[in-house]
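A.B. asks: Here it is, the structure in full.
The values are calculated or read from the model by the stated rules, or taken from the named source; none is laboratory data. Just so you know, these numbers come straight off a predicted model, no measurement behind them. Here Cβ is always computed from backbone atoms with ideal geometry, including for glycine, and neighbour counts include all displayed protein chains. Accessible surface areas use protein heavy atoms only, side chains included; no ligands, DNA or RNA. Shrake-Rupley method; radii C 1.70, N 1.55, O 1.52, S 1.80 Å.
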Amino acid sequence: MFKALIEPFRQPPLPIDSETLQSGGARKPKARAKNWSGTLGRIWTYLALRKVKLSMVLLMVLASSALALLGPYMVGVAVDRFIDGEAGSSWIRFLIGLTAVYVLFSLTSWLQNIWMIEIAQETVFRMRYDLFSHLHKLPIPFFGKRQQGEIMSRVTNDIENVSGTLNSSAIQIFSSVLTLLGTFGVMLWLSPLLTLLTFIVVPLMAIGMRWITRRTGPLFKERQRNLGELNGYIEETLSGQRIIKAFSQEERVIRGFEERNTRIRISGFWAQTISGFIPKLMNGLNNLSFAIVAGIGGILAIQGSVTVGVIIIFVEYARQFTRPLNDLANQWNTLLSAIAGAERVFEVLDEDEEAKDEGAAISLDKVEGAVRFDKVSFGYDEGRDILHEISFEAQPGEMIALVGPTGAGKTTLIQLLSRFYDPTSGTLTVDGRDMTTIRRENLRSHMAFVLQDSFLFQGTIRENIRFGRLDATDEEVEIASRLANAHSFIVRMKDGYDKVLQADGSGISQGQKQLLAIARAILADPSILVLDEATSSIDTVTEIKIQEGLQRLMQGRTSFVIAHRLNTIRQADRILVLKDGRLLEQGSHDTLLEQGGFYSELYYSQLRKKAQ
C-alpha cells in the first residue's frame, strides 16, 4: 500500500558519475551521495575543517553531560543520607553544590549552542560557496538539461535545510551519544538488574525507528525533488509571463502549478505523518521504562536490595536515557529533510566539470583570428552527428556568414568555435594551433559575442558595459558606447551611465539592450567576434544604428555572423550555406547567386515574401 501511494510521484534521481569537490577547491574521489552514511560522511568533511572550534564544543558537551549526570546522583545520595539521619547541616552545602552544578550546566549548554551555530554557519557558507563555484565549472550541457529554478532550489532550499539541521540537531546528536554512554555506565555501576530492566525498551525503540525511517527517507527525498521541480516551474512561468498572457494560457499554467503543488502536498503529508509517529513511540516507551523501573525498583527497595536514593537516581537516569532519543525523534523530520537536501547538493558537486585543458595547453598573448575547420563532425548524442565533416577556412579580419534553415547546425558550429563542446572527429585550429592545445579561458578571452537575446545583469549601465573588460576606465566605457551608437540614449536617461538596470535589463528596449551588448563587445576588443542574428526583431531606425555599431566592431576582426535575413550579410567575405549539418555551398553573395544553388533559392524566396 505504501509503495502504491508514493509510486506516482517518483522521479529518477540525477546521474552521479564524477569526483566530488572538496572544500577549498581540493579534489579527491569520494563516495557518492547515495546513502545516509555516505552523505553524513560528506558533511563531516566540511565540519572537520573547524576542528579547533569543534573540540571546544565537544569539551562543553562533555562537561554538560557530566553535570547532567552529577545532579540526579547528588539528589539520590542526599535522599539516602536523609533517610539514614545523616543530613544535618550538609543540606546547605548540598543545595549550594546542586545550584552550582545546574548553573554550570546552563553555562556549558549555552556556550556549546553559540559555538555550534557559528560552526554551522561557516560550514554552510563553505558548502554554498563550493556549490556555486562548481556550477561555474560545469559544461554547458548540464544547464541545458535542467530547469534554472531546480538548480536554484539546490543552492537555496537544500542548503538551508542542511543549515537548519546543523544549527538545531548537531549538538543534540553529540550530547545524546555522551549522555547515553555516561548514563549507561553509572546505571550499570549502581544496579545491573535495574539497568537491564531499563534497557528492555531499547530493542523496541530500534525496531520502531527502523520501520519508520525506511518509509520516511524516500518520502523526504521525493518531497525535495518535487520542491525543486516546482521552483523550476515557477521560475519558468514568471520569466514567460508575456507569452502566457499573450496566448491566454493562465488557466493551463495554474493547472500545471496545482499538479506540482499537489505532489509536494502528498509526499510531504505522508513524510510528516509517518515520521510523526516517532515522538509518540518514544514517549510511550519512555513511560513504559519509567513504570518498570519504579515498580520493580520499589519491590527491590522493600526487600532491601537497593536504596530509595538509588531508585530516585535510576528514575531520573531512565528519563535522561530516553530524553536524547526523544530529542532526536523530535528533530527527525528536520534531519531527514537535511539529508535529502545534502544528497541533492552533493549530486551537483559530483557532476563532471568541464573537461580539463591538456597538460601542455598554452595561453596566447595575441590571436590573429585565422580559423580552420578540417572535416569536423559533432553530435550531442553518441552515434548521432549533427555536423558532418565541415571544412572551411577564415582568414584574419574576414567576415564569415552562416546561413541555412533552422536546425542546419549554425549554432552548433559556433559552440564548437567557443569550445563549449569539442568535435567528435576532425580538427579545429586557431592561428594554425589545434584549439585543444589552447586554454579555454584564454581562448574565450580573445572572443566576444553579440547574441539575438542580449543578457544584461542587474546593476548600472556602466557595470554592464564594463563586463566586457573589468579593468576598463570610465573614459574607455564611454568611448565604447559612442562607437556602438549607445552614448546618445544613455545620457538621455536619468542617472545616465549610473542608471541601475533590473535583472535582464528590464526597463529598456530590445534595441537598447543590443547597443549595450555591442558596446560591451567593443570594450572587450576581441580578435574573433560572433554575431547571432543581432539585428532581428528591431525597428528600422534602431537597426541602422546597430548595423553602424556592428560595422565598427567588426573592423579588423574575424567575424562569424549567423543570419536569417540574407540581405544583411551581402557584404560578407564568405557565406557558408548549411543544411542538415552539411556544408553545401560557400562563396561570396554574388558568386552564390550566380551558381543558382540552395543559397539562391533562399535569397529569392525571401525577396518574394518581402514583396508580398
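A.B. asks: Return only the number of the condition from (1) of a type in the set (Val, Ile, Thr); (2) buried (at least 20 other Cβ atoms within 10 Å of the Cβ); (3) at pLDDT 75 or above that residue 293 does not satisfy.
C.D. replies: (3)
A.B. asks: On the given criteria, is residue 46 at pLDDT 50 or above, open to solvent by less than 30 Å² (accessible area, probe 1.4 Å) and among the aromatic types (Phe, Trp, Tyr)?
C.D. replies: yes
A.B. asks: Report whether or not residue 159 is assigned to a helix (DSSP H, G or I), within 25 Å of residue 109 (Cβ to Cβ) and either at pLDDT 70 or above or open to solvent by 10 Å² or more (accessible area, probe 1.4 Å) (or both). If you could, list the steps in order and put the result at the bottom.
C.D. replies: On the way: assigned to a helix (DSSP H, G or I): yes; within 25 Å of residue 109 (Cβ to Cβ): no; either at pLDDT 70 or above or open to solvent by 10 Å² or more (accessible area, probe 1.4 Å) (or both): yes.
For residue 159, the condition - assigned to a helix (DSSP H, G or I), within 25 Å of residue 109 (Cβ to Cβ) and either at pLDDT 70 or above or open to solvent by 10 Å² or more (accessible area, probe 1.4 Å) (or both) - is not met.
A.B. asks: For the condition open to solvent by 40 Å² or more (accessible area, probe 1.4 Å) and either of a type in the set (A, V, I, L, M, F, W, C) or in contact (Cβ under 8 Å) with a residue 12 or more places away in the chain (or both), what is the one hit in 557, 574?
C.D. replies: Going through 557, 574 in turn, just one is open to solvent by 40 Å² or more (accessible area, probe 1.4 Å) and either of a type in the set (A, V, I, L, M, F, W, C) or in contact (Cβ under 8 Å) with a residue 12 or more places away in the chain (or both): 574.
A.B. asks: I've got another one for you. Do you know which of the residues in region 585-606 that are touching a strand residue (DSSP E or B) at 6+ places or on another chain (Cβ under 8 Å) and either in a helix (DSSP H, G or I) or touching a residue at least 24 places away in the same chain (Cβ under 8 Å) (or both) is nearest to residue 378 (Cα to Cα)? Break it down into steps so the answer makes sense when it comes.
C.D. replies: The first filter runs over region 585-606 and keeps only residues touching a strand residue (DSSP E or B) at 6+ places or on another chain (Cβ under 8 Å), leaving 585-589, 592, 595, 597-599, 602.
Narrowing further to those that are either in a helix (DSSP H, G or I) or touching a residue at least 24 places away in the same chain (Cβ under 8 Å) (or both): 586, 589, 592, 595, 598-599, 602.
On the way: 586: 20, 589: 27, 592: 26, 595: 29, 598: 23, 599: 23, 602: 25 Å.
By that ranking, first place goes to 586.
A.B. asks: Something else now. Is it the case, given these coordinates, that residue 455 is modelled with pLDDT of 85 or more and either under 30 Å from residue 599 (Cβ atoms) or not β-branched (Val, Ile, Thr) (or both)?
C.D. replies: no
A.B. asks: Sticking with this structure for a sec: How many residues are within 32 Å of the chain's Cα centre (by Cα), surrounded by 15 or more Cβ atoms within 10 Å (Cβ to Cβ) and among the β-branched types (Val, Ile, Thr) if we restrict to region 472-530?
C.D. replies: The total comes to 3.
A.B. asks: Kindly check whether there is at least one residue in region 444-454 that is out of contact with any helix residue (DSSP H, G or I) (no Cβ under 9 Å at 6 or more places or on another chain), part of a helix (DSSP H, G or I) and without any contact (Cβ under 8 Å) to a residue 40 or more places away in the chain.
C.D. replies: Within region 444-454 (the criterion being out of contact with any helix residue (DSSP H, G or I) (no Cβ under 9 Å at 6 or more places or on another chain), part of a helix (DSSP H, G or I) and without any contact (Cβ under 8 Å) to a residue 40 or more places away in the chain), the answer is yes, since at least one residue qualifies.
A.B. asks: Let me ask something else. From the residues in region 132-160 that are basic (Lys, Arg) and over 8 Å from the mean Cα position of the chain (by Cα), which one is nearest to residue 230 (Cα to Cα)?
C.D. replies: The residue in question is 146.
A.B. asks: Return the only residue of 449, 420 being under 24 Å from residue 507 (Cβ atoms) and either within 30 Å of the chain's Cα centre (by Cα) or open to solvent by less than 50 Å² (accessible area, probe 1.4 Å) (or both).
C.D. replies: Among 449, 420, only 449 is under 24 Å from residue 507 (Cβ atoms) and either within 30 Å of the chain's Cα centre (by Cα) or open to solvent by less than 50 Å² (accessible area, probe 1.4 Å) (or both).
A.B. asks: Further question: Among 242, 255, which is the only one that is at pLDDT 80 or above, in a helix (DSSP H, G or I) and either open to solvent by less than 20 Å² (accessible area, probe 1.4 Å) or not polar (S, T, N, Q) (or both)?
C.D. replies: Details: 242 fails: at pLDDT 80 or above.
Selected residue: 255, the only one of 242, 255 that is at pLDDT 80 or above, in a helix (DSSP H, G or I) and either open to solvent by less than 20 Å² (accessible area, probe 1.4 Å) or not polar (S, T, N, Q) (or both).
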